Amino acid sequence: MEYDLGVLLQGCDVLKARLSECRPLPADALKKIEDALNVEYTYESNRIEGNTLTLQETELVVNEGVTIAGKSMREHLEAINHAEAIDYIRDFAKHEIDITESTIKQIHALVLHGINRENAGRYRTVPVLISGSRHMPPQPYMIGKLMEDFMIHFHDLESRSMHPVLIAAYLHDELVRIHPFIDGNGRTSRLLMNLYLLRKGYTLINLKGSDESKRIYYNALEMSHVDKHPEEFQKLVADAEIESLKHYLTVLGVSDFSENR
């Protein structure tokens, strides 16, 4: 069933309020929940980009330090790096620190740590093409100004009190459109989106990596970047936040929540 964006945002607000009633959560329970969700998020985000580690293998690599036979070193590093990047954004979200270009570069440096030392945390200096997309990323000489404008517009949206879920969607959408890095743009954009959601009291969005989920995800981004219609991507993010909040509440044993959908 289709819902309009306003209904989805209202659903986010209702569920977030319900979660706020459960806070503060016991520290031991919170850690167990977050550890499990972090592994699932790492698995799905890397899966979107072609990583072949299973969910169980991802857990073993991240939490047990196990080396999986037949899997590349890059796939192991992608799992370890992503888990560390989640820890970084969770810690960052707890402090009143401005989100800046340096924040984005730090997230990217964590994502590509040990994978691409030359380009980790640095904007690309060469043109790129996105396979299967009609979107043409901007030339490298444009990136500095585009990223500066990106941050200015982000703060303008905040000053106009735009809904936090829409701002989070914008951060992801626009960073992918600019495509400032040679590699790791998708993971960095999803982490940036989730950093903002955590800061605003929401939960991590876990976009899925199945073939059908990826198709919907990429199509929504394509509609925004090429056709200038961001609404489908905004709805995708809002719906994913609703599912995330529901999942979190269910894990906490809450079953009497409703988001009036």
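The values are calculated or read from the model by the stated rules, or taken from the named source; none is laboratory data. All values reported here derive from a predicted model rather than from experimental measurement. Cβ sites come from the backbone with ideal geometry, for glycine too, and all protein chains shown count toward neighbours. The protein model used for the area step is the full one, side chains on, heavy atoms only, and it has no ligands, DNA or RNA in it. Shrake-Rupley method; radii C 1.70, N 1.55, O 1.52, S 1.80 Å.
Protein heavy-atom surface of the chain, 1.4 angstrom probe: 52% of the accessible area is carbon and sulfur, with nucleic acids and ligands not counted.
With a cut-off of at most 14 other beta carbons within 10 Å, and DSSP calling the residue loop, which trypsin sites (Lys or Arg not before Pro) in region 53-105 qualify? Please list them.
Filter output for region 53-105: Lys94.
Between Glu158 and Arg134, the distance separating the two model label sites (each 7 Å from Cα on the Cα→Cβ line) works out to 3.5 nm.
Taking a sphere under 13 Å around the Cβ of Leu55 and counting the other residues whose Cβ falls inside, with K and R at +1 and D and E at -1, yields a net charge of -2. Qualifying GluC sites (Glu not before Pro) in region 68-170, where qualification requires a DSSP coil assignment and no more than 16 other C-beta atoms within 10 Å, comprise Glu96, Glu118. Near Asn185, once Lys and Arg are set to +1 and Asp and Glu to -1 for all other residues with Cβ below 11 Å from its Cβ, the sum equals +2.
What does the charge count around Ile68 come to, taking other residues whose C-beta lies under 13 Å from its C-beta (Lys +1, Arg +1, Asp -1, Glu -1)? Let's see the in-between values first.
Details: positive: Lys71, Arg74; negative: Glu57, Glu59, Glu64, Glu75, Glu78.
Combined, the nearby Lys, Arg, Asp and Glu give -3.
Taking each DSSP H run with n ≥ 4 as -39500 (n - 2.57) and averaging over every residue of the chain yields -20500 deg cm²/dmol at 222 nm.
For the pair Val251 and Asp149, label points projected 7 Å from Cα toward Cβ lie 3.9 nm apart.
Once the cut-off is 21 Å, how many percent of the Cα-Cα pairs in region 186-261 end up in the long-distance tail? Show your work: numbers first, answer last.
Working: 948 of 2850 pairs.
Value for region 186-261 (Cα pairs over 21 Å): 33 percent.
Over every Cα atom in region 83-197, the radius of gyration and the widest Cα-Cα span, Dmax, amount to 13.8, 40 Å. The alpha-carbon of Lys228 sits under 13 angstrom from the alpha-carbons of these aspartates and glutamates, leaving out residues fewer than 8 places away in its chain: Asp173, Glu174. A viscosity of 0.692 mPa s and a temperature of 37 °C, combined with the Kirkwood radius over C-alpha pairs in the Stokes-Einstein formula, give region 19-155 a diffusion coefficient of 190 µm²/s.
With a threshold of 20 Å on the Cα-Cα distance, the over-threshold entries among Lys32/Lys246; Lys94/Lys200; Lys31/Lys208; Lys105/Lys145; Lys208/Lys235; Lys31/Lys246 are Lys31/Lys208. Per residue, the solvent-accessible area of the chain (1.4 Å probe, heavy atoms of protein chains only, all protein chains present) comes to 49 Å². The trypsin sites (Lys or Arg not before Pro) found in region 134-242 that occupy coil by DSSP, while having at most 10 further C-beta atoms within 10 Å, are Arg134, Arg160, Lys228.
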